[in-house]
Amino acid sequence: MLLRPGDATVSRPLPELLPNHWSNLSQVVYYRTYARQDNGRIEHWPDTVERVIRGNVKDHKVTEAEIARLRHFMMNRKALPAGRGLWFSGTDAHSKMGGAALNNCWFLKGDDWQNLVLAQDLLMLGGGVGFSIQKKFVTALPEIKKGVAIREESSSSYVVDDSREGWCELVRRTLESYFFTGKSFDYSLKNIRPKGEAIKGFGGRTAGPDPLRLAIKKISARIGEKWSSGGKVSPLGMMDLLCIIGEMVVSGNVRRSAILILGDATDSEFLHSKRWDLGTLPSYRAMANLSVGIKNISELSPEFWETFEHGEPFGIVHLDNIQTYGRMGEKKHDDAIGVNPCAETTLTNGEPCNLQDIFLPRLDNEEEFIEAARLMHRYGKRITCEKFHHSVNATAVAKYRRVGTGITGCLQSTLFNKKTLDRVYAEIQKENVNYSRELGIPESIRTTVIKPSGTLSLLGDCLPGIHPAYSKYYLRRVRFDKNDPLIPILKSAGHPLEPMATLDGGIDPNTLVVSFPCETLEGDPTADSGFDTFKQLDTLLFAQKHWADQSVSVTIYYKREELSKIKNWVSKHLSEIKTVSFLAHSEHGFKQAPYESLNQKNFEILRSNIKPADFSGLSKVFEGDLADCEGTACPAK
């Protein structure tokens with residue numbers, strides 16, 4: 001029996017609803033993040049499984065035998081689609097939006113200002129966006145026009161529609177004025193519903209007009225502070241415009257925004273953008289994780305490494321490797337020019353990730369691993385047959401048919417070995433050929449990933465991706481909307497709650513951070529004892545060579561005194577990786593980080609104050625669209 005570390009306080013059992021020994025934390029994650037209430041009745045796990053399968057197999061000739069096996073693997077949390085699939089598959093929103101409802105994340109390049117609007121649309125649909133601000137793209141943008149003024153006037157003839165499309169249209173007109181027409185205009189927000197009303201279809205509650213109003217002001221102010229007299233917007237300027245849009249999307253806690261900004265390693269302004277030691281940072285920059293796109297080690301300057309000492313460490317994306325190799329050492333061309341926000345999926349412009357996860361500790365043997373891999377590849381292949389409402393997305397999906405079947409709980413399973421991984425990967429390649437032929441579509445250009453799998457691994461009661469446990473004893477923090485029906489239950493159970501702190505030193509009163517004291521299972525590796533920085537890095541190399549033909553998303557925990565050794569390791573092994581990111585194990589500067597080490601005494605004090613949570617009286621669930629890989633800026637479903 002697997003239980004998530006530290007869940008000594010297991011809720012009142014609901015065996016008919018959550019079978020197979022669900023831990024307290026996995027139940028919280030399920031009811032907070034994936035259980036729906038579309039017809040007045042709360043979904044329970046068997047309902048979710050049936051809905052998700054129904055949504056995936058519709059319009060396809062899938063045998064009852066295959067459906068039964070999918071049900072077996074999903075019911076027992078042995079294999080699952082990514083969180084977006086758990087939330088949307090088989091719903092009315094899925095029928096309406098098609099693939100946009102199912103794909104977690106997307107990639108766009110910053111050579112067209114209209115991609116900011118496309119990014120907004122995808123973020124408002126609950127997806128995440130990887131976005132390149134490399135100079136080779138941003139220099140293609142037109143010059144900013146002078147003398148533009150955007151004003152809110154209640155009597156304006158342009159009344160913004162109260163819809164996702166309406167919000168996107170106001171941002172589009174604003175950016176069009178600055179980048180193209182040079183024309184001023186006014187607008188009215190009088191039709192935007194007040195905060196707190198239900199949103200049909202995609203779920204959640206309205207945020208009111210204030211987030212949109214503030215975003216337009218911030219966009220105008222950001223452009224005006226540096227480009228009021230015209231000129232080309234800088235890469236950092238494009239980053240900030242997207243982050244402002246992301247901040248607008250999450251306001252009111254209706255959506256979680258996931259953004260990765262991919263910039264140049266030689267761009268000093270970009271490298272200074274999250275340096276805590278250089279002064280107060282704009283709150284909206286907390287919306288994005290930052291990485292540099294490079295082709296060789298010489299591009300990693302001292303300024304890059306200074307982010308490891310004085311701010312948020314930048315990640316590394318090896319652009320040549322993602323185009324040249326499938327699994328490392330196996331040459332197989334890919335047109336990809338970027339990655340999704342968690343950097344496990346290599347993508348072309350407009351292309352989405354398409355993810356599934358296999359929970360290795362829950363599998364019985366290698367044969368079951370093979371069956372799970374075949375089923376999840378087929379599941380993902382059917383998603384590539386969905387319709388997409390933006391032509392750039394539809395074209396990319398139809399051409400590449402990219403699937404990302406991942407594995408998680410790797411360090412808890414004996415199946416995570418060279419022979420087994422190579423064998424299962426080969427079986428996926430056979431299935432790729434055979435099922436593509438059956439569906440009459442091109443073969444998938446790439447098939448496997450390892451994602452961080454934060455929230456989904458909590459659902460499955462296992463360690464995330466290839467990560468070790470954070471510490472023997474630690475706090476696991478989870479963010480909730482302040483109005484989430486689970487909050488009173490968790491408060492009554494004694495869990496610590498506090499408002500979310502923001503990057504600029506303020507607080508977000510609409511979001512509460514709940515802490516869960518955790519104890520790592522005996523025998524599981526921990527990042528601060530035994531499974532050190534370089535064992536983590538060696539595991540990355542192993543996984544990139546034997547499983548992921550896209551990429552391995554991993555955050556390497558390091559100690560500051562190891563920095564010189566990390567530089568040497570990266571210099572020696574850069575040619576063997578596609579992506580990597582780092583985070584100081586402690587003293588990293590992040591308030592309310594997802595993980596915080598505890599000593600045994602403090603752990604026992606915290607745990608003694610927590611009693612079993614009682615979910616039996618839960619009559620509704622929060623209808624928001626929350627996050628799959630929780631970090632400083634990763635999404636929640």
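Can you find a residue that is under 28 Å from Ile192 (Cα atoms) and small (Gly, Ala, Ser) anywhere in the stretch 134-142? No, the stretch 134-142 contains no residue that is under 28 Å from Ile192 (Cα atoms) and small (Gly, Ala, Ser).
Criterion first (at pLDDT below 95 and either buried (at least 21 other Cβ atoms within 10 Å of the Cβ) or among the aromatic types (Phe, Trp, Tyr) (or both)) does Asn103 satisfy it?
Values: at pLDDT below 95: yes; either buried (at least 21 other Cβ atoms within 10 Å of the Cβ) or among the aromatic types (Phe, Trp, Tyr) (or both): yes.
When the stated conditions are applied, Asn103 passes them.
Residues Glu386, Glu371: which one is in contact with a helix residue (DSSP H, G or I) (Cβ under 8 Å, 6 or more places away or on another chain), in contact (Cβ under 8 Å) with a residue 12 or more places away in the chain, among the acidic types (Asp, Glu) and part of a helix (DSSP H, G or I)? The match here is Glu371.
Quick test of your reading of the structure: Pro302 fulfils all but one of (1) free of Cβ contacts under 8 Å to residues at least 12 places away in the same chain; (2) under 15 Å from Leu503 (Cα atoms). Name the failing condition by number. Result: Pro302 fails condition (2) only.
Taking the stretch 467-579 as the region of interest, the helices (runs of 4 or more DSSP H) fully inside it that hold 3 or more residues being touching a helix residue (DSSP H, G or I) at 6+ places or on another chain (Cβ under 7 Å) are 533-546, 563-573. Restricting Ala396, Ala343, Ala426 to those that are hydrophobic (A, V, I, L, M, F, W, C), free of Cβ contacts under 8 Å to residues at least 60 places away in the same chain and closer than 21 Å to Gly127 by Cα reduces the list to Ala396.
Could you tell me whether Glu351 is surrounded by fewer than 21 Cβ atoms within 10 Å (Cβ to Cβ) and charged (D, E, K, R)?
For Glu351, the condition - surrounded by fewer than 21 Cβ atoms within 10 Å (Cβ to Cβ) and charged (D, E, K, R) - is not met.
Annotation note: Cβ proximity below 6 Å between a residue of the stretch 518-535 that is under 21 Å from Ser23 (Cβ atoms) and a residue that is among the basic types (Lys, Arg) (sequence gap 6+ or interchain) occurs for Cys518/Arg476; Thr520/Lys472; Thr526/Lys472. If I filter the stretch 582-609 down to residues being modelled with pLDDT of 90 or more and of a type in the set (A, V, I, L, M), which single residue comes out as nearest to Tyr558 (Cα to Cα)? Result: Leu598.
Set side by side, the residues Leu497, Leu512 differ, and just one is farther than 30 Å from Ser298 by Cβ, crowded, with 19+ Cβ neighbours inside 10 Å and among the hydrophobic types (A, V, I, L, M, F, W, C), which is Leu512. For the structure I just gave you, tell me whether Glu225 is free of Cβ contacts under 8 Å to residues at least 12 places away in the same chain and farther than 19 Å from Lys190 by Cβ. For Glu225, the condition - free of Cβ contacts under 8 Å to residues at least 12 places away in the same chain and farther than 19 Å from Lys190 by Cβ - is met. The set of residues in the stretch 109-153 being assigned to a loop (DSSP other than H, G, I, E, B), of a type outside the set (A, V, I, L, M, F, W, C) and within 21 Å of Ala221 (Cβ to Cβ) consists of Gly110, Pro142, Glu143, Lys145, Lys146, Gly147, Glu153.
Gly166 falls short on exactly one of the conditions (1) of a type outside the set (A, V, I, L, M); (2) open to solvent by 40 Å² or more (accessible area, probe 1.4 Å); (3) in a helix (DSSP H, G or I); (4) more than 13 Å from Ile216 (Cα to Cα), and that condition is (2).
The rows are residues; the columns are (1) touching a residue at least 24 places away in the same chain (Cβ under 8 Å); (2) within 17 Å of the chain's Cα centre (by Cα); (3) open to solvent by 10 Å² or more (accessible area, probe 1.4 Å).
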{"site": "Lys274", "(1), (2), (3)": "yes, no, no"}
{"site": "Pro282", "(1), (2), (3)": "yes, no, yes"}
{"site": "Ala286", "(1), (2), (3)": "yes, yes, yes"}
{"site": "Asn289", "(1), (2), (3)": "yes, yes, yes"}
{"site": "Gln323", "(1), (2), (3)": "no, no, yes"}
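Wholly within the stretch 24-94, which helices (runs of 4 or more DSSP H) include no fewer than the required count, namely at least 1 residues that are surrounded by fewer than 22 Cβ atoms within 10 Å (Cβ to Cβ) and in contact with a His (Cβ under 6 Å, 6 or more places away or on another chain)?
Where helices (runs of 4 or more DSSP H) fall fully within the stretch 24-94 and carry at least 1 residues being surrounded by fewer than 22 Cβ atoms within 10 Å (Cβ to Cβ) and in contact with a His (Cβ under 6 Å, 6 or more places away or on another chain), they are 45-57.
The values are calculated or read from the model by the stated rules, or taken from the named source; none is laboratory data. Not measured: the values here are computed from a predicted model. Note that each Cβ is placed from the backbone with ideal geometry, even for glycine, and that neighbours are counted across all protein chains shown. Keep in mind that these areas ignore ligands, DNA and RNA; they rest on the heavy atoms of the full protein, side chains included. Shrake-Rupley method; radii C 1.70, N 1.55, O 1.52, S 1.80 Å.
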